[in-house]
Amino acid sequence: MSSHTFSYTADQSLPIPDAGEMRFGIITTEWNNHITDKLLSGAIDELTAQGVDKSNITTKRVPGSFELVYAAQQLAKYGHVNGIIIIGCVIRGDTPHFDYICQGVTQGIAQLNATSNIPVIFGLLTVNNEEQAEERAGGKLGNKGREFALTAIKMVDYAWKLQK
């Protein structure tokens, strides 16, 4: 389903679990920070709106999107968090670099989710142009950072219920 016609919000989904005791790590890229900073703000705003104390949100920065995988793996291992959100933005250019980065990050985060004890939420915008990025970072399609946060809360709750 294209995000052009769909937005995942608390209003359209099942009830949001209690997030008051949850701890999150958010790793954000410096590259395209005019986009990723907006997504980060949206994620933090949604987490706190859902009851997560700001002291239970750890934020880290990495240079680019490819570094998100390593950073997420290390944060999962040493960060004392229940869930991780990675936030990045890759805008298609004239070379295959876009494809390599997107594929590498996708495979890396999928591998982490298959092997880690905590969920890692894929918050990598992969867009064709600047306009599409802006639309998803607070523009006409909302702020996808908020959606990443809601997904993180639901996945931490899912993991906790399985561990009981």
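The values are calculated or read from the model by the stated rules, or taken from the named source; none is laboratory data. Computed from a predicted model, the values in this text were never measured in an experiment. Here the Cβ positions follow ideal geometry from the backbone for every residue, glycine too, while neighbour counts run over all protein chains shown. What goes into the accessible areas is simple: the full protein's heavy atoms, side chains included, and nothing from ligands, DNA or RNA. Shrake-Rupley method; radii C 1.70, N 1.55, O 1.52, S 1.80 Å.
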* **Solvent-accessible surface ranking, highest first, for Leu14, Leu40 at 1.4 angstrom** => Leu14, Leu40
* Residues with amide H under 5 Å of Arg61's amide H, sequence separation 5 or more or different chain, H placed in the peptide plane at 1.01 Å from N; which? -> Thr28
* Cα-based equivalent ellipsoid of region 60-146: semi-axis lengths in Å, sorted from largest, via gyration tensor -> 24, 16, 10
* Asked: Rounded to the nearest 20 Debye, what is the dipole magnitude of region 64-145 about its Cα centre when Lys and Arg each give +1 and Asp and Glu each give -1 at the C-beta?
  -> 340
* Asked: Using Cα atoms only, what is the angle between the long axis of helix 67-78 and the major principal axis of the chain, expressed in degrees (0 to 90) to the nearest 10?
  -> 10
* Asked: With charges set only on the Cβ (+1 for Lys and Arg, -1 for Asp and Glu), what does the dipole of the chain come to about its Cα centre, in debye to the nearest 20?
  -> 460
* To do: Give me the accessible area per residue for the chain, probe 1.4 Å, as a whole number in Å².
  => 53
* Against the longest principal axis of the chain, how steep is helix 33-49, in degrees 0 to 90 to the nearest 10, with axes from Cα atoms? -> 20
* Structure fact -> In terms of the alpha carbon gyration tensor, root eigenvalues a ≥ b ≥ c, rounded if a/c is under 1.5 and otherwise prolate when a/b exceeds b/c or oblate, region 97-164 is oblate
* Asked: Which listed residue (Ile85, Pro96, Gln132) has the Cα farthest towards the positive end of the charge dipole for the chain, taking +1 on Lys and Arg C-beta and -1 on Asp and Glu C-beta about the Cα centre?
  -> Ile85
* To do: Could you state the angle between the C-alpha long axis of helix 97-115 and the longest principal axis of the C-alpha atoms of the chain, as a value from 0 to 90 degrees rounded to the nearest 10?
  => 20
* Structure fact -> Given the candidates Gly42, Ser55, Ala76, the one whose Cα lies deepest towards the positive end of the charge dipole of region 1-137, counting +1 at each Lys or Arg C-beta and -1 at each Asp or Glu C-beta, is Ala76
* **region 111-164: relative contact order as a whole-number percent, Cα under 8 Å and 6+ apart** => 35
* Within region 48-164, percent of DSSP bridges classed antiparallel, to nearest 5 -> 20
* Structure fact -> Which of (i) 21; (ii) 10; (iii) 14 is the computed percent of Cα pairs over 30 Å apart? It is (ii)
* Asked: Mind checking Rg over Rh on region 39-106, alpha carbons, Kirkwood formula for Rh?
  -> 1.03
